[in-house]
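Report on one structure; see the data block that follows.
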Amino acid sequence: MKISARNQFSGTIVSVTPGAVNANVKVDIGGGNLVTSSITNEAIADLGLVEGDVVTVIVKASDVMIGK
């Protein structure tokens, strides 16, 4: 599958925390870095995501904000 997003990171799912509608998926991308994605519970089920899965984190954003 080819996609336009250039920011892609391979990693391993360390946790899947379901909520009422969405779930938080934490992915260890190495170097002590974790990325958290909020996706629907339906997407979790469709993809069959579980802890330990090797996945690709794809970041596509028109704005990147930093706060302090």
(request) Add +1 for every Lys or Arg and -1 for every Asp or Glu among the other residues with Cβ under 15 Å from the Cβ of Asp53, and state the total. (result) -2
(request) Scan around Asp53 for amide H atoms under 5 Å from its own, H built in the peptide plane at 1.01 Å from N, and keep only partners 5 or more places away or cross-chain. (result) Ile13
(message) Can you compute the helix-only [θ] at 222 nm over the chain? Use -39500 (n - 2.57) per DSSP H run of at least 4 residues, normalise by all residues, nearest 500 deg cm²/dmol.
(response) -2500 deg cm²/dmol
(request) Pop a pseudo-label 7 angstrom from the Cα along the beta-carbon direction at both Ser15 and Ser62 and give the gap in nm to one decimal. (result) 3.3 nm
(message) Defining a contact as two alpha carbons under 8 Å apart and six or more residues distant in sequence, what relative contact order in percent does the chain show?
(response) 38 percent
(request) Count charges around Thr12 for me, please; just the other residues with Cβ under 11 Å from its Cβ, Lys/Arg as +1, Asp/Glu as -1. (result) -2
(message) I'd like the Karplus ³J(HN,Hα) series for region 32-40: coefficients 6.51, -1.76, 1.60, θ = phi - 60°, whole numbers in Hz, and an x wherever there's a Gly or Pro.
(response) x, 9, 10, 10, 10, 10, 9, 10, 5
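Any read-out appearing in this document is the output of simple, stated calculations on the displayed coordinates, not a laboratory observation. What you see is a predicted model; the values in this text were computed from it and never measured. For neighbour counting, all protein chains shown are included, and Cβ atoms are generated from backbone atoms with ideal geometry for every residue, glycine included.
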